[in-house]
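The values are calculated or read from the model by the stated rules, or taken from the named source; none is laboratory data. Source: prediction; values computed, not measured. We place every Cβ from the backbone using ideal geometry, glycine too, and count neighbours over all the protein chains shown.
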Amino acid sequence: MSAETTHVDRKQALTVSMREVFQPSARQPAPAVLARFSPEDRLRLRRIIAEPIEYIDHVLFSKPSALRNAFSECPEVLDATRQWCNASDTSALPSVTLSTDNEVRLFLRLNHARLRMIDILKQFVGKRLTAKVAHDLLGWHAQAMAARCEIVQANVPLVLAMAKRTRLGSVDYAELISEGNMALLRSVDKFDCSRGFKFSTYACRAILKSFSRVAMRSSRYRNRFPTEFDPSLEKSDFLDQQRTEAEVGCVEDLRGILARNLAELNEVESKVIKARFALCAVEGLQGDGPRTLEQVGMLIGVTKERVRQIQNRALEKLRTKLQDDFLAA
């Protein structure tokens, strides 16, 4: 094939190719038909009907060989189940680089599948989809998503490489990766392979623009909030301080009641409360800190069950005294 013929074919492709965005208006299948599909397929079908479909037309789509050219097997096949968006684990990234022919083939496959979806939906404007049509839509949608996934997986290292080369100290690296991945996804939907350029050339500009938008947004944020984020200021500890002050106040009140025996506790009850809760010093005990029922029982010569009964009776007297003081105030 001569260079002149190739130039004419490329020029013809440029004049024929165009971008189209179609908003579906079809209705979902009848409930009885929809019940035959799995929950995942029902969700996919709902999204297909609700979201606009964008595709790039190509001169090959009007030729009988369109299916053979668009859906022929690519020798370089990526594993669609691998995790590819984790910026911290570069070992999960695919090492396959798509050749120009396979890249064009994948874009033809993507846009041809979307074109077939649009052709189907145009026949059901305002009408319910049948079971066969719904299955066809899901099949073409799966073909489009598989091609899109392969293109994105093969070009994710481009986002990481550009993020590492872009020196934006004021922007978080993870945010750069996120914005770059979103720009890459948008580039796949808008790239026209008939123009003769590599997809990476088109995607690089889109990714750099997304980095610029992130930097501008971060700059505006810093102008409004010049101080660094302090997590300790995110939540007030006012309630915790109030609770602590209330607990300290209650302990001081109890100590005053015990010191003047305002709750009319007997000697054993007073000794049990002081030893159990370490409110005051107790004769015969060494060290600080609350004591167990068994330790207090050894101190006064009774069992730990008897200590528990004495403790409950003393606490009831203290509770009554505190309530009376609160009501009197």
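Restricting segment 102-153 to residues that are assigned to a helix (DSSP H, G or I) and in contact with a Pro (Cβ under 6 Å, 6 or more places away or on another chain) leaves a set whose member that is surrounded by the fewest Cβ atoms within 10 Å (Cβ to Cβ) is Gln153. Within the bounds of segment 161-178, is there any residue that is under 23 Å from Glu54 (Cα atoms) and out of contact with any strand residue (DSSP E or B) (no Cβ under 6 Å at 6 or more places or on another chain)? Within segment 161-178, one or more residues are under 23 Å from Glu54 (Cα atoms) and out of contact with any strand residue (DSSP E or B) (no Cβ under 6 Å at 6 or more places or on another chain).
Scanning segment 15-49 for residues that are assigned to a helix (DSSP H, G or I) and within 15 Å of Asp136 (Cβ to Cβ) gives Val33, Asp41, Arg44, Leu45, Ile48, Ile49. Against the list (1) buried (at least 19 other Cβ atoms within 10 Å of the Cβ); (2) touching a strand residue (DSSP E or B) at 6+ places or on another chain (Cβ under 8 Å); (3) at pLDDT below 90, the condition Pro29 fails is (3). Restricting the search to segment 135-153, which residues are farther than 30 Å from Ser219 by Cα and touching a residue at least 40 places away in the same chain (Cβ under 8 Å)? Once the filter is applied, which keeps residues that are farther than 30 Å from Ser219 by Cα and touching a residue at least 40 places away in the same chain (Cβ under 8 Å), segment 135-153 yields Leu137, Leu138, His141, Gln143, Ala146, Ala147, Arg148, Cys149, Glu150, Ile151, Gln153.
Being without any contact (Cβ under 8 Å) to a residue 12 or more places away in the chain, surrounded by 11 or more Cβ atoms within 10 Å (Cβ to Cβ) and assigned to a helix (DSSP H, G or I) is the requirement here; does Arg319 meet it? Answer is yes for this residue. Residues considered: Val171, Val125, Val156. Of these, the only one that is touching a helix residue (DSSP H, G or I) at 6+ places or on another chain (Cβ under 6 Å) and touching a residue at least 12 places away in the same chain (Cβ under 8 Å) is Val171.
For segment 272-315, a residue qualifies if it is modelled with pLDDT under 85 and among the charged types (D, E, K, R), and the qualifying residues are Lys274, Arg276, Glu283, Asp288, Arg291. Condition check: in contact (Cβ under 8 Å) with a residue 12 or more places away in the chain and either assigned to a helix (DSSP H, G or I) or of a type in the set (Gly, Ala, Ser) (or both). Does Arg291 satisfy that? So Arg291 fails the test.
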